[in-house]
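Trainee: Encoded as structure tokens, here's the structure I'll be asking about.
Each reported figure results from applying straightforward, stated rules to the coordinates on display, with no laboratory input. Because the structure is a prediction, the values reported are computed rather than measured. FYI the Cβ positions are ideal-geometry reconstructions off the backbone, even for glycines, and counts take in every protein chain you see.
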Amino acid sequence: MNFDSAVIELDWKANAEALVHARSSRIEIGAGSLARGPESWRHAGLLAEGGLVLLVVDPAAASAAGDPLAERLEDAGLRVVRIEVSAGETQKTQPSVDRVLAAAIAAGADRTTPLIAVGGGCVGDLAAFAASVLFRGVPLILVPTTLLAMVDAAIGGKTAINLAFADGSIGRNLVGTFWPAHHIVADPATLSTLPAEEFRSGLAECVKHAWIASPEHLEWLEACAESLVGSGHPKLISPLIEASARIKATLVAEDPLERGVRRHLNLGHTFAHAIEGRPRNRLRHGEAVAVGMVAAAATAEVLGGAEPGTAARMRTLFARLGLPTSLPEGGELAALRAGMNLDKKRSHRGLRLVLPCRPGRVEVVESPPEPAVEAGWRAVGAE
Ligand SMILES: NC(=O)c1ccc[n+]([C@@H]2O[C@H](COP(=O)([O-])OP(=O)(O)OC[C@H]3O[C@@H](n4cnc5c(N)ncnc54)[C@H](O)[C@@H]3O)[C@@H](O)[C@H]2O)c1
């Protein structure tokens, strides 16, 4: 397969009321896209001659993306103020935002100063939130450096930080804004240092996108599963990112504020959030999503909305991609079921599940019958 590069134009105009600053988000995908970034951002009017740039970098992504980008920006005559923010849900909190804002103001930033975030979904979410509140919003460029951030977190304009409660617990993504990036650059070369298990975690979201919207992409993933995880076949990575990013871009452009089709992106997520909320959870987000999708499929089969064999098909693909398909240490059904209700309590609504029907089609089910939900949990090893 030949693939050089791709550009997706995400058109926000139809839902312009959702946005006050970026009329479109340009997503550039492919080898060399990061190197071309500064020139492209200058053309778009985001970089001023000799101006200041705020570069918020995850240190883990420094060698593959942060350092070369800083060098290019400096070579282009820009003044780069670099702010390092480590990944991790406990770091994705207000004190880190304050550090970014204070460094920006100390550097002399104004409301035209662009903020460029380099890192995975954690640093991207946090830096985007900081960009949205600094002087009530500065231009934002995202350079995602994990597969998950390239196909999911960086696209769609949601920013977020976690709320740290007095008892030491963390409320994930409870604080945030809508602040889409002007430019998003997904250069597969920046994944060169990403640990294999983080790459696989991102693959779970790719499978999710395929199940939601594209039987063809699902078949493609099934055809090259081992190649994707084996040597991470370089020629497959850009088409993978493009297909998956395009699905997310299409859904969020149609429904930026998540009142309709954007909800489909929650496939498997109500189960996954209950798994991630367990005190000693060790699964990464994508790994929990894989288990959650299998549970959702099993629930759908019991309800008759999905053909028998749907959960088995998902299980097979996730296993081939090196992702878990059941709870590694089992789990107590009652506790997991209660974990799903945390969403319900917040919204004062019944449980709402997104369930697969067939490849390319999902449905939103309000207040599903308990036996079906429990069957879903049992299918992934809960007792
Ligand atoms: N805004 C959204 O719409 C949205 C959607 C999905 C997920 N998210 C958020 O994204 C976060 C998860 O994102 P993630 O999976 O990218 O996790 P992450 O940002 O925690 O990154 C995973 C790990 O990879 C490291 N890393 C990042 N890039 C690297 C690189 N190139 N080389 C080596 N190591 C690298 C990080 O330091 C971290 O240890 C969560 O906080 C989630 O809430 C947001």
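Trainee: Could you sort the peptides 144-151, 371-378, 118-125 by per-residue average Cβ neighbour count (10 Å cutoff), highest mean leading?
Mentor: Sorting 144-151, 371-378, 118-125 by mean packing, highest first, produces 144-151, 118-125, 371-378.
Trainee: Starting from the Cα-Cα distance between Phe165 and Ser5, subtract it from 0.36 nm times their residue separation and give me the gain in nm to one decimal.
Mentor: Stretched fully, the Phe165-Ser5 segment lengthens by 53.2 nm.
Trainee: Ala338 to Asp98: FRET efficiency via 1/(1 + (r/R0)^6), r the Cβ-Cβ distance, R0 51 Å, to the nearest 0.05?
Mentor: That pair, Ala338 with Asp98, gives E of 0.90.
Trainee: Now, a different point. Just to confirm a number: summing +1 for Lys and Arg and -1 for Asp and Glu over residues other than Asp58 whose beta-carbon lies under 13 angstrom from that of Asp58, what do you get?
Mentor: Spelling it out: positives minus negatives among the neighbours equals -2.
Trainee: If you don't mind, there's one more thing I want to ask. State the Cα centre-to-centre distance between segment 190-245 and segment 59-114 in whole Å.
Mentor: Between the Cα centres of segment 190-245 and segment 59-114 lies a distance of 29 Å.
Trainee: Sticking with this structure for a sec: As a check on your grasp of the helix formula, calculate [θ] at 222 nm for the chain: sum -39500 (n - 2.57) over DSSP H runs of n ≥ 4, divide by the residue count, round to the nearest 500.
Mentor: -13500 deg cm²/dmol
Trainee: Could you list which residues have their amide H under 5 Å from that of Thr145, counting only those 5 or more apart in sequence or on another chain, with H placed in the peptide plane?
Mentor: Residues meeting the criterion, in which the H sits 1.01 Å from N, are Gly119, Gly120.
Trainee: Taking R0 as 35 Å, what FRET efficiency do you get between Cys357 and Lys13 from their Cβ-Cβ distance, rounded to the nearest 0.05?
Mentor: The value I calculate is 0.65.
Trainee: Quote the FRET efficiency, to the nearest 0.05, computed for Gln91 versus Ser227 with a Förster distance R0 of 35 Å and r equal to the Cβ-Cβ distance.
Mentor: Values: r = 34 Å, r/R0 = 0.98.
That pair, Gln91 with Ser227, gives E of 0.55.
Trainee: Between Cys357 and residues 5 or more places away or on another chain, which pairs have amide H atoms under 5 Å apart, with H built 1.01 Å from N, and which residues are they?
Mentor: Placed amide hydrogens put Val362, Glu363 under 5 Å from Cys357.
Trainee: Using 18 Å as the cut-off for backbone N distance, which residues of segment 143-183 belong to the label zone defined by a point 7 Å from the Cα of Leu257 along Cα→Cβ?
Mentor: 156-159, 176-180
Trainee: Which ³J(HN,Hα) values in Hz, rounded to whole numbers, follow from the phi angles of segment 254-271 under the Karplus curve 6.51 cos²θ - 1.76 cosθ + 1.60, where θ = phi - 60° and Gly and Pro get x?
Mentor: 6, 9, x, 8, 6, 10, x, 5, 4, 4, 4, 5, 7, 3, x, 6, 5, 5
Trainee: Also, I was wondering about something else. Non-local amide H neighbours of Ser25 (under 5 Å, H modeled in plane, Pro and chain starts lacking H): which ones?
Mentor: Here the answer is Leu10, Trp12, since their amide H atoms fall under 5 Å of that of Ser25.
Trainee: Can you check what the net charge comes to around Arg200, using other residues whose Cβ is under 10 Å from the Cβ of Arg200 (Lys, Arg +1; Asp, Glu -1)?
Mentor: After counting each charged neighbour, the total is -2.
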